[in-house]
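A short worksheet on the structure shown next.
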Amino acid sequence: MTKTPIVNVVDDIIANASKAGASDIHFDPREDYLMVRIRIDGDLRDYTKIPKIYERNLITRIKLIANMNITESRLPQDGSIKGTIKGINLETRVSTLPTNEGEKCVIRILDYSRSLEGLDALGFNEDNFKKLKKMIAEPNGIILITGATGSGKSTTVYSILQVLNKKETNIITVEDPIEMNLEGLNQVQVNSEIGLDFATVLRSILRQDPNVILIGEIRDSETAKIAVRASITGHLVLSTIHTNNSLSTIERLLDMNVERYLLSSALSGIISQKLAKMICPHCRIKEKTTPYQKKVFKMALDKDVEEIYNANPKGCDKCNNGYHGRIAIQEVLMINDEIRNALNEENLEKDDLNKLVYTSDVITMLQDGLLKILDGSTSFDEIYKIIDVDDDLDIYCKIKGIKYNENVHEEKQEEEINKDEDKPNTNLNIEPEIKPEKNEDVNKTNEQVQIIEGPTEVVTPEVITIEEKPKEEEIL
Ligand SMILES: [Zn+2]
């Protein structure tokens, strides 16, 4: 067992995963082997298995190139790999975790190609895009980008910063970690070990004559308060926060004891986003809408929708089970005077705030999702998965004064059951728009997705070495 093949194995896995568009590579120690999995479009899938005897060498190799302590395997570690692997320019974050079966390692591949494509490539609908441009054109105020981890917040933030990055502007960021180096910006890395936290850096930043401040994330009350104060004293502040939508963001800030009068005058807008899988335009199918779907479209968009596109579970040679890539579903709330005044009121009820937001000219996340179903970008199932549709319908009902129909939930469940029971169902318009060329192609896809399932027993590193397959790139 020489070292060279392990080096190749690691390089191949990283390079191939990156080419396939993976966001993460997992090395999971199992009892008999090391499982390698990759995450593409949000879903983890098995990539290859590596015999247990090579596990330590492989993990050590990763730790070595990630600048981690290779002699320490009992404590979690963080590192990063920057550089060129097999001709691919890569930036990654690496994390290890001691588990009962051994050291688990995850490599996150940071892909900024999307941030560099510009703001208009982020999938904002026309209305939202106009609001966003208006918000970032103001010299002060605070703009919050919200969403869960992996919802593309950083991409949006960096895209905005690039628009603001002009030579007459002083932009300072405080981040943990700095995910992308942008020329012309002053980026500060938080280092809590030496007491350099968000709040400390922020206080210094304010003495550095900034125009625009990016706070990587608002995690605590102190940071929230400084952020709000900075925006009031004539700075444009951008930050991210872990919440689901505009409403929960406002609630969260109030929970962090940010004073209402400060918040109401500081807040310019909230951009919330989630990622939905895109349906493959080459093999998508058209289906009649179910009664439940009709109801959702009617309530949220006031539209009668008879048919929508759906992903073709069979897929084609250009996608994975009918999906390919992801699209952002967004909600852009620009704070208007009405909402501003309401925020100021001490005894503002949640329902009243809901009503204000939902009846302002905002396109809610659900509405944006439904619009993106209508234009054939994503499927109803995807939207239903990422948005609490029934919760939103409840709010629409309250606003419209319609008694909430509890059957709505049951209808959805019934539809699900029907779907499972008899597949060639009533309202499926099964003919795909464009048929996959040959059936064999479908099989081929499955085969290649699992790359090397191969012999699991005695495999030498030479055998593991993953070969370049010509079609792999298109398929994954
Ligand atoms: Zn397809």
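The values are calculated or read from the model by the stated rules, or taken from the named source; none is laboratory data. What you see is a predicted model, and the numbers here were worked out from it, not measured in a lab. Cβ atoms come from the backbone with ideal geometry, glycine included; neighbour counts cover every protein chain shown.
Please tell me if Glu287 is more than 16 Å from the ligand (Cβ to nearest atom) and more than 19 Å from Ile160 (Cα to Cα). It is false that Glu287 is more than 16 Å from the ligand (Cβ to nearest atom) and more than 19 Å from Ile160 (Cα to Cα).
Looking across the stretch 308-319 at every residue that is over 11 Å from Pro281 (Cβ atoms) and more than 8 Å from the ligand (Cβ to nearest atom), the one that is surrounded by the fewest Cβ atoms within 10 Å (Cβ to Cβ) is identified as Pro313.
Screening the stretch 4-85 for strands (runs of 3 or more DSSP E) wholly inside it with 2 or more residues that are in contact with a strand residue (DSSP E or B) (Cβ under 8 Å, 6 or more places away or on another chain) and under 30 Å from Glu382 (Cβ atoms) returns the ranges 24-29, 33-40, 43-51. The condition (being in contact with a Ser or Thr (Cβ under 7 Å, 6 or more places away or on another chain), modelled with pLDDT of 95 or more and over 21 Å from Lys63 (Cα atoms)) is satisfied by just one residue among Ile107, Ile142: Ile142.
Which one of these does Val305 not meet: (1) crowded, with 21+ Cβ neighbours inside 10 Å; (2) at pLDDT 95 or above? If we test Val305 against (1) crowded, with 21+ Cβ neighbours inside 10 Å; (2) at pLDDT 95 or above, just (1) comes out false. When residues in the stretch 126-146 are screened for being on the phi > 0 side of the Ramachandran plot and part of a loop (DSSP other than H, G, I, E, B), 0 of them pass. Every condition in (1) surrounded by 13 or more Cβ atoms within 10 Å (Cβ to Cβ); (2) on the phi > 0 side of the Ramachandran plot holds for Ile109 except the one numbered (2).
For Lys274, the conditions (1) touching an Asp or Glu at 6+ places or on another chain (Cβ under 7 Å); (2) away from the ligand (no atom under 16 Å from the Cβ) all hold with the exception of (1). Scanning the stretch 266-281 finds one or more residues that are more than 27 Å from Thr146 (Cβ to Cβ), surrounded by 18 or more Cβ atoms within 10 Å (Cβ to Cβ) and of a type outside the set (D, E, K, R). Of all residues in the stretch 189-213, those satisfying the criterion of being at pLDDT 95 or above, crowded, with 19+ Cβ neighbours inside 10 Å and farther than 25 Å from Ser113 by Cβ are Pro210, Ile213. Pairs linking a residue in the stretch 173-193 that is under 17 Å from Glu217 (Cα atoms) to a residue that is among the small types (Gly, Ala, Ser) and surrounded by 15 or more Cβ atoms within 10 Å (Cβ to Cβ), with Cβ atoms under 8 Å and 6 or more positions apart or on different chains, are Thr173/Gly216; Val174/Gly216; Glu175/Gly216; Asp176/Gly216; Glu179/Ser154; Met180/Ser115; Met180/Ser154; Val190/Gly216.
For the stretch 320-347, taking the residues that are free of Cβ contacts under 8 Å to residues at least 60 places away in the same chain and more than 22 Å from Ile143 (Cα to Cα), the one that is nearest to the ligand (Cβ to nearest atom) is identified as Gly322.
Annotation: of all residues in the stretch 249-262 being touching a residue at least 40 places away in the same chain (Cβ under 8 Å) and surrounded by fewer than 22 Cβ atoms within 10 Å (Cβ to Cβ), the one that is farthest from Asn211 (Cα to Cα) is Glu251. Can you pull out the residues in the stretch 147-206 that are of a type in the set (S, T, N, Q), under 19 Å from Leu110 (Cα atoms) and part of a strand (DSSP E or B)? Scanning the stretch 147-206 gives Thr173, Gln187, Gln189.
With the condition kept exactly as written, say whether any residue in the stretch 92-105 is free of Cβ contacts under 8 Å to residues at least 40 places away in the same chain, within 26 Å of Ser265 (Cβ to Cβ) and not β-branched (Val, Ile, Thr).
no
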